[in-house]
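Here is the structure we will look at.
The values are calculated or read from the model by the stated rules, or taken from the named source; none is laboratory data. Everything numeric in this text was worked out from a predicted model, so none of it was measured. Keep in mind that these areas ignore ligands, DNA and RNA; they rest on the heavy atoms of the full protein, side chains included. Shrake-Rupley method; radii C 1.70, N 1.55, O 1.52, S 1.80 Å.
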Amino acid sequence: MAAVARQKYTNEEIKARLVFMVGLGLTCSFLFSVMAILYGLLFVVQPMEQAPNDSAGWSVLSSMLLTLSGGLIGLLAGNGLKDKQPPPPAP
């Protein structure tokens, strides 16, 4: 078995991969939550009056979606901020 020489990642590459994975996780959980809410609204038969447990569940889901969307927006907005590059060496 030959060992494969691996190149070390720079800090920028590690940060880019980390931002990508966190953004992907937030996006997947956000989309899954929205699809679950839409399924519950469209395809599950509901009584005419809303039960107190259902009302509490909807308030928890709406708060969760607001938090997830705020985190995702913050992550995407903060991704534009780059680390300061060191000044080039003087000749």
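How large is the Kirkwood hydrodynamic radius of the chain, counting all unique pairs of alpha carbons, in Å? Can you show the working numbers first?
Values: mean 1/r = 0.0575 Å⁻¹.
So the Kirkwood estimate lands at 17.4 Å.
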* To do: Return the carbon/sulfur percentage of the accessible area of the chain, one whole number, probe 1.4 Å, all protein chains in place.
  => 70
* **Between 0 and 90°, nearest 10: helix 52-78 axis offset from the chain longest Cα axis** => 20
* Asked: In a GNM of the chain with a 10 Å cut-off on Cα contacts, which of Gly40, Gly25, Gly71 has the highest mean-square fluctuation?
  -> Gly40
* Phe32: accessible area at probe 1.4 Å, nearest 10 Å²? -> 150
* To do: Calculate for the chain the 222 nm mean residue ellipticity that helices alone would give, adding -39,500 (n - 2.57) per DSSP H run of length 4 or more and normalising by residue count, nearest 500 deg cm²/dmol.
  => -24000 deg cm²/dmol
* If one takes the longest principal axis of the Cα atoms in the chain, at what angle in degrees, from 0 to 90 and to the nearest 10, does the Cα axis of helix 11-43 lie? -> 10
* With the other protein chains left in place, how much accessible area per residue, in square angstrom, belongs to the chain at a 1.4 angstrom probe? -> 90
